[in-house]
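To start, the structure under review is shown below, and the notes come after it.
The values are calculated or read from the model by the stated rules, or taken from the named source; none is laboratory data. As the structure is a prediction and not an experimental result, all values here were calculated from the model. Cβ: placed from backbone, ideal geometry, glycine included. Neighbour counts: every protein chain shown.
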Amino acid sequence: MNFEAVIGLEIHVEMKTKSKMFSSSPNGFSREPNTQVTPFDMAYPGTMPVVNKAAVINAIRVANALHMTIDRLIRFDRKNYFYSDLPKGFQITQQFHPIGREGYLDILDRDGKVKRIGIERIHMEEDTCKQLHFASYSLLDYNRAGVPLIEIVSHPEMRSGTEAMHYVEAIRNIVVYTLTSDGKMEEGSLRCDVNVSLRPFGSDKFGTKVEIKNLNSTKNIESALDYEIARQSAILLSGGQVQQETRRYDEASGKTVLMRVKTDAVDYKYFPEPNITPIRISEEFVRDAIDTCPELYDSKKERYVSLGLSPVDAAIILDNLAMSQYFDKALGDGKYAKTVSNLLIVEVNGYLNKNGLTIEQFPLQPEILYLLAKEQEGGFTHKQVVDMFHYCVENEGAKPEDAINALHIAKQSSDDSLVLSFVTAVLDANPQSIADFKAGKDRAQGFLVGQVMKMAKGKVNPGAVAKVMAEELKKR
Amino acid sequence: MKEINLDVLKDAAHRLLFDMSDEEYETLLSEFAVLTKQMETIGKIEGLEDYEPMTFPFECETTYLREDEPTTPLSREEALANAGSTLDGEIKLPKVVG
């Protein structure tokens, strides 16, 4: 029997606001423990939640990017549970009235076809404190308690690990390019819980679902699901039953491992949060949040491709938000986009990798990269421009013209008559090489071009020389 | 409804780490007796199940959202002042997972 996988995802995204969801405590990553805490975050009596405007704006932008209906009345609810990661004894969330309902995201399926995945809801809530567990004790750091979160819940409409991976990548692009979150799975600012069950093809009933946690990269999502689908298939084919359980992905073995068997669902006794009066947001507020949203990934990609970049090059630049911001500045009037992108992908990335730097630490102003691209398109060779590039990087404030003067770089001529005079002279002086070429030794042509470059002292364009040389060789 | 007796209160106090005197238990018990009686009285009203639970005393809305401006947090000493036990700037507690 053939089975179909039914996959749904819950994604938690930590927002990179300056302050927390309901308190004005600073919100930052990896500071000293328990130093970004206000009395509210520790649930001191009498403290009250006050909703962060930037968090609402972020949620509106993400909801809009996911084509969702946005609720104009912001309401919160309490999720009650007693655990050490939650000092209040409840989490403030949006159980009954999520800010966004029913949207979708278009992704590529395993065969590269566009597939639309429905999104049930997105809502705002607060993160819990960070717990570290040791053999005989646990440690609590409240810096994370109260950090604003967006939870994005898909419909169970994905059918393979690849689709789930593409879905998470697309969500990450949205939260990164709306400047909502840095979207780093490895640092936990984008966390993913996956639900997967199997059913016979053609059935509309759901099988028993298994939840997978501890997925810290998009690649792991694909691998974990591929493994889990095979595991559940094997159980069902041997006549067994899949247990409702929570598993975690073990990266080293590439397998999912049992964490706990699910018993009855916990009753969180949800009720409306009485300490937050419902907040009415105006049409103008919603419109403004959407209109001022930074350009999204897909739109940028389309723009880059329209400027002449290949989709692959556009994706390389867009993989890093700061890189694409640098590229946007280096684009200038967009005339030399392709050359700018080549310099960025090859030369700038090479320099960054070699020196262990990020693009934020790169010393060259993007406007200089634009000028370098302009020089290349204006007749200097790529090699000459690379020399200028290194000069400008190493000499703060230097412009290409400074590099030209300092390195005595001369523009190469593509003037046909000048090139032809050199080519003719070299051919006349090297009859043996012509004979070798005619006898099928292609290397002879390279030798002859090299002789021309030597004779012209590098002042002619090698591309033009090669072209004229080929034509002249045919005539001899 | 669960009966509020001395055992229930002692169990709750124990879970919440409250240390209470016998007198305080007596006071609480008598207060709960009044509350329970009031609930029973309200419970006798007919058609009560037709009413939605109320969260706010008045149906009102606001438009206020806090600007995203951080303020100075507590010092770590202040933040940890009420913790029973600490280690390396973190709150230490008995192991909470199996």
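Applying the condition of being more than 7 Å from every other protein chain (Cβ to nearest Cβ) and in a helix (DSSP H, G or I) to region B:75-90 and asking which residue is surrounded by the fewest Cβ atoms within 10 Å (Cβ to Cβ) yields B:77.
Of the residues making up region A:168-209, those that are farther than 24 Å from residue A:289 by Cβ and of a type in the set (Phe, Trp, Tyr) are A:201, A:206. Scanning region A:108-125 for residues that are farther than 30 Å from residue A:222 by Cβ, without any contact (Cβ under 8 Å) to a residue 24 or more places away in the chain and not β-branched (Val, Ile, Thr) turns up nothing.
Scanning region A:108-124 for any residue that is on the phi > 0 side of the Ramachandran plot, within 14 Å of chain B (Cβ to nearest Cβ) and touching a Leu at 6+ places or on another chain (Cβ under 9 Å) turns up nothing.
Within region B:32-51, being more than 23 Å from the chain's Cα centre (by Cα) and of a type outside the set (Val, Ile, Thr) holds for B:43, B:44, B:46, B:47, B:48, B:49, B:50, B:51. The set of residues in region A:125-136 being within 13 Å of chain B (Cβ to nearest Cβ) and not small (Gly, Ala, Ser) consists of A:128, A:129, A:130, A:131, A:132, A:133, A:134. Condition check for residue A:288 on (1) surrounded by fewer than 13 Cβ atoms within 10 Å (Cβ to Cβ); (2) within 14 Å of another protein chain (Cβ to nearest Cβ): one failure, at (1). Residues considered: A:207, A:240. Of these, the only one that is more than 35 Å from the chain's Cα centre (by Cα) and either in the same structural domain as residue A:160 (by TED's automatic domain parsing) or under 29 Å from residue A:98 (Cα atoms) (or both) is A:240. Every listed requirement among (1) at negative phi; (2) touching a helix residue (DSSP H, G or I) at 6+ places or on another chain (Cβ under 8 Å) is met by residue A:308 save one, (1).
Restricting attention to region A:140-155, and to residues there that are within 14 Å of chain B (Cβ to nearest Cβ) and among the small types (Gly, Ala, Ser), which single residue is surrounded by the fewest Cβ atoms within 10 Å (Cβ to Cβ)? If we take residues in region A:140-155 being within 14 Å of chain B (Cβ to nearest Cβ) and among the small types (Gly, Ala, Ser), then A:145 is surrounded by the fewest Cβ atoms within 10 Å (Cβ to Cβ).
Does residue A:199 fit the bill of being at pLDDT below 95, touching a Gly at 6+ places or on another chain (Cβ under 6 Å) and not hydroxyl-bearing (Ser, Thr, Tyr)? Considered against the rule, which asks whether it is at pLDDT below 95, touching a Gly at 6+ places or on another chain (Cβ under 6 Å) and not hydroxyl-bearing (Ser, Thr, Tyr), residue A:199 comes out as yes. Within region A:81-106, the set of residues being assigned to a strand (DSSP E or B) and at pLDDT below 95 is empty. Where helices (runs of 4 or more DSSP H) fall entirely within region A:265-344, those with at least 2 residues that are of a type in the set (A, V, I, L, M, F, W, C) and under 30 Å from residue A:54 (Cβ atoms) are at A:283-291, A:311-318, A:321-331. Kindly indicate whether residue A:444 is free of Cβ contacts under 8 Å to residues at least 24 places away in the same chain and either surrounded by 13 or more Cβ atoms within 10 Å (Cβ to Cβ) or in the same structural domain as residue A:381 (by TED's automatic domain parsing) (or both). So residue A:444 passes the test. Just one of the listed residues (A:222, A:251) is of a type in the set (D, E, K, R) and surrounded by fewer than 17 Cβ atoms within 10 Å (Cβ to Cβ), and it is A:251.
A quick yes/no check of all residues on (1) in contact (Cβ under 8 Å) with a residue 40 or more places away in the chain; (2) within 14 Å of chain B (Cβ to nearest Cβ); (3) over 24 Å from residue A:273 (Cβ atoms):
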site	(1), (2), (3)
A:85	yes, yes, no
A:88	yes, yes, no
A:91	no, no, no
A:102	no, no, no
A:138	yes, yes, yes
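Counting only residues that are assigned to a loop (DSSP other than H, G, I, E, B) and at the interface with chain B (Cβ under 10 Å from one of its Cβ atoms), region A:43-55 holds 4 of them.
Might you let me know whether region A:393-408 holds any residue that is among the charged types (D, E, K, R) and in contact (Cβ under 8 Å) with a residue 24 or more places away in the chain? Yes; the residues of region A:393-408 include at least one that is among the charged types (D, E, K, R) and in contact (Cβ under 8 Å) with a residue 24 or more places away in the chain.
For the condition within 18 Å of the chain's Cα centre (by Cα), surrounded by 10 or more Cβ atoms within 10 Å (Cβ to Cβ) and under 30 Å from residue A:56 (Cα atoms), residue B:62 does not qualify.
Selection within region A:7-42: residues that are among the small types (Gly, Ala, Ser) and away from chain B (no Cβ under 11 Å). The member of this set that is surrounded by the most Cβ atoms within 10 Å (Cβ to Cβ) is A:8. When region A:254-285 is examined, which residues are found to be surrounded by 12 or more Cβ atoms within 10 Å (Cβ to Cβ), among the acidic types (Asp, Glu) and away from chain B (no Cβ under 14 Å)? Residues satisfying the conditions do not exist here. Would you mind stating whether residue A:179 is in the same structural domain as residue A:105 (by TED's automatic domain parsing) and either without any contact (Cβ under 8 Å) to a residue 40 or more places away in the chain or under 30 Å from residue A:48 (Cα atoms) (or both)? Against the criterion (in the same structural domain as residue A:105 (by TED's automatic domain parsing) and either without any contact (Cβ under 8 Å) to a residue 40 or more places away in the chain or under 30 Å from residue A:48 (Cα atoms) (or both)), residue A:179 qualifies.
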